[in-house]
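See structure below.
The values are calculated or read from the model by the stated rules, or taken from the named source; none is laboratory data. Please read all numbers here as calculations on a predicted model, not as lab measurements. Methodologically, a virtual Cβ is constructed for each residue, glycine included, from the backbone with ideal geometry; neighbour enumeration extends over all protein chains shown. For the accessible areas, the whole protein counts, side chains as well, though only heavy atoms, and no ligand, DNA or RNA atoms are used. Shrake-Rupley method; radii C 1.70, N 1.55, O 1.52, S 1.80 Å.
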Amino acid sequence: MSKKLFIETLGCAMNVRDSEHMIAQLNAHEGYELCDDAKVADLILINTCSVREKPVHKLFSELGVFNKLKKADAKIGVCGCTASHLGQEIIKKAPFVNFVLGARNVSKITDVLHRDKAVEIEIDYDESQFAFGDFRTSPYKAYINISIGCDKQCTFCIVPKTRGDEISIPADLIVSEVAKAASSGAKEIFLLGQNVNNYGRRFSGEHDKVNFTELLRRVSAVEGVERIRFTSPHPLHMDDEFIEEFARNPKICKSMHMPLQSGSTDILKAMKRGYTKEWFLNRAAKLREMVPEVSISTDIIVAFPGESDEDFAQTMEVLNAVRFEQVFSFKYSPRPHTEAQMMVEIDSELGSHRLSLLQSRHDEILDEMKLENMGKIVEVYFEELRSDGYVAGRSDNNLSIKVKGSEELLGRLLKVKITQTSRTVQYGEIVD
Ligand code: SAH
Ligand code: F3S
């Protein structure tokens with residue numbers, strides 16, 4: 001009988017890809033099959049996120065739960081960014097944990113599995129030179145890493161300390177992974193990196209110097225690729241060449257993530273983001289001008305140390321000017337090993353108040369925008385069969401769309417007329 005693997009994946013799309021890689025390795029070399037019940041698993045993995053403090057706190061209570069319910073001889077491994085930054089401390093606090101595997105070490109999974117109490121958290125380990133595992137969470141779309149780590153030093157962010165320096169994966173390796181995924185039926189390719197449009201700045205070893213725009217061209221030329229998405233680009237590197245390729249290339253989905261973080265140039269400086277409010281507004285305006293159907297999403301942090309009422313008002317100003325289709329907003333959370341951790345925090349209640357002001361203003365904007373979607377015809381890639389008789393997918397510009405239908409719609413790109421709208425999901429009818 002095969003051994004069973006249960007894996008819980010928290011955090012970003014890169015963690016999803018790391019989990020896929022570990023699942024593939026454990027399957028190919030150790031005979032593990034994926035299961036969805038931790039109670040019957042022989043190996044339980046938690047792939048953690050450490051970007052904010054809350055999930056880190058949750059980790060230890062969760063580990064306690066897994067330890068109680070697991071089979072007597074089952075192993076527990078902690079992987080990902082929290083593994084990188086806490087390392088040995090995890091085994092000290094939860095001695096039943098069998099191994100700790102950092103975010104930049106996931107390819108060592110079959111090794112640590114056999115070394116009880118192993119802690120592998122090297123952040124300069126080079127995982128840029130080999131192909132990632134073949135397992136895919138969805139048969140319809142493929143996550144593909146294009147770089148590992150991050151070279152920026154945003155003062156609030158722990159990621160450079162958990163995923164290490166940025167190294168681009170060679171373009172030919174990426175293109176061959178894309179070709180493999182596309183030939184197995186994944187029409188949508190999702191390129192991943194902490195800073196995708198900085199692609200090509202540093203490779204490990206001698207490789208073709210290819211920048212992100214050129215990489216997009218090469219990926220879109222691969223047979224079977226119909227849609228390309230990517231996350232996350234950095235506003236600082238949104239040069240004209242990149243925006244023009246985004247506008248011109250029909251395979252690139254017209255949805256752009258532009259992580260603003262703050263609308264105040266002073267706070268952006270304190271965050272070391274490298275751009276000003278004006279630069280951000282200029283790039284967003286250029287995008288909207290060149291690609292009228294584009295949807296723009298963003299990340300915003302409120303209550304960064306030193307954020308005044310005036311700074312926050314600037315963030316609200318950008319929110320009103322750009323009218324983002326989606327906003328991921330967070331209250332600042334101090335993180336270890338970051339520069340901002342040494343700065344004086346602002347009042348927590350004031351932070352919560354600002355967060356709710358921002359979110360309710362954005363809800364108003366969404367209510368206005370959803371009306372504009374009524375009656376529009378969009379192309380939808382159907383990916384998920386729901387139990388309520390609906391099939392769900394995303395439009396090119398990333399609207400979540402549901403239509404009545406069955407599994408024969410899965411994996412197809414079809415035109416849909418939007419007949420009912422809400423802030424988060426649109427309903428429609430197939431028109432072709
Ligand atoms: N390069 C990645 C960033 C990963 S972190 C990207 O652009 O997606 C994802 C988001 O979490 C960041 O954009 C930021 O808005 C938020 N974040 C990061 N550190 C944070 C902190 N210390 N407190 C609150 N939010 C944070
Ligand atoms: Fe973090 Fe800034 Fe990099 S948000 S992941 S240090 S671009």
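Within the range 292-306, is there a residue that is outside the structural domain of Phe382 (by TED's automatic domain parsing) and at positive phi? Reasoning before the result, please.
First pass over the range 292-306, keeping only residues outside the structural domain of Phe382 (by TED's automatic domain parsing): 292-306.
Within this subset, residues satisfying the condition of being at positive phi are 303, 306.
Yes, the range 292-306 contains a residue that is outside the structural domain of Phe382 (by TED's automatic domain parsing) and at positive phi.
When you look at Lys209, is it within 14 Å of ligand 2 (Cβ to nearest atom) and surrounded by fewer than 15 Cβ atoms within 10 Å (Cβ to Cβ), yes or no? Break it down stepwise before answering.
Values: within 14 Å of ligand 2 (Cβ to nearest atom): no; surrounded by fewer than 15 Cβ atoms within 10 Å (Cβ to Cβ): yes.
Judged against the criteria, Lys209 is not a match.
Looking at Ile174, is it away from ligand 2 (no atom under 16 Å from the Cβ), crowded, with 21+ Cβ neighbours inside 10 Å and either closer than 21 Å to Thr213 by Cα or at pLDDT below 95 (or both)?
Working: away from ligand 2 (no atom under 16 Å from the Cβ): yes; crowded, with 21+ Cβ neighbours inside 10 Å: yes; either closer than 21 Å to Thr213 by Cα or at pLDDT below 95 (or both): yes.
It is true that Ile174 is away from ligand 2 (no atom under 16 Å from the Cβ), crowded, with 21+ Cβ neighbours inside 10 Å and either closer than 21 Å to Thr213 by Cα or at pLDDT below 95 (or both).
Considering only residues that are within 11 Å of ligand 1 (Cβ to nearest atom) and polar (S, T, N, Q), look in the range 140-158 and name the one that is nearest to Asp208 (Cα to Cα).
Going through the qualifying residues, I end up with Ser147.
Have a look at Asp151, Asp165, Asp134 and point out the one that is surrounded by fewer than 22 Cβ atoms within 10 Å (Cβ to Cβ) and in contact with a Gly (Cβ under 7 Å, 6 or more places away or on another chain).
Details: Asp151 fails: in contact with a Gly (Cβ under 7 Å, 6 or more places away or on another chain); Asp134 fails: in contact with a Gly (Cβ under 7 Å, 6 or more places away or on another chain).
Going through Asp151, Asp165, Asp134 in turn, the sole match is Asp165.
Which ones in the range 127-171 are of a type in the set (Lys, Arg), within 16 Å of ligand 2 (Cβ to nearest atom) and not in a loop (DSSP other than H, G, I, E, B)? It would help to see each step written out before you state the result.
To start, the set of residues in the range 127-171 that are of a type in the set (Lys, Arg) comprises 136, 141, 152, 161, 163.
Checking the rest, the ones that are also within 16 Å of ligand 2 (Cβ to nearest atom) come to 152, 161, 163.
Result: Lys161, Arg163.
Considering only residues of the range 369-400 that are farther than 17 Å from Ala186 by Cα and free of Cβ contacts under 8 Å to residues at least 40 places away in the same chain, which is surrounded by the most Cβ atoms within 10 Å (Cβ to Cβ)?
Filtering first and then ranking leaves Val391.
I'm checking my understanding of the structure. Among residues of the range 212-241 that are open to solvent by less than 10 Å² (accessible area, probe 1.4 Å) and away from ligand 2 (no atom under 16 Å from the Cβ), which one is farthest from Lys286 (Cα to Cα)?
Top of the filtered list is Val225.
Find the residue count for the range 253-281, including only residues that are over 28 Å from Arg394 (Cβ atoms) and of a type in the set (S, T, N, Q).
Qualifying residue count, the range 253-281: 4.
Would you be able to say whether some residue in the range 183-192 is within 11 Å of ligand 1 (Cβ to nearest atom) and under 17 Å from Arg217 (Cα atoms)? Give the steps one after another, and end with the answer.
Our first condition is that a residue be within 11 Å of ligand 1 (Cβ to nearest atom); within the range 183-192, this holds for 192.
Next cut, under 17 Å from Arg217 (Cα atoms) only: 192.
Looking through the range 183-192, at least one residue is within 11 Å of ligand 1 (Cβ to nearest atom) and under 17 Å from Arg217 (Cα atoms).
Considering only the range 207-234, state which residues are within 16 Å of ligand 1 (Cβ to nearest atom) and part of a loop (DSSP other than H, G, I, E, B).
Within the range 207-234, the subset within 16 Å of ligand 1 (Cβ to nearest atom) is 212, 229-234.
Ser232, Pro233, His234, listed by residue number.
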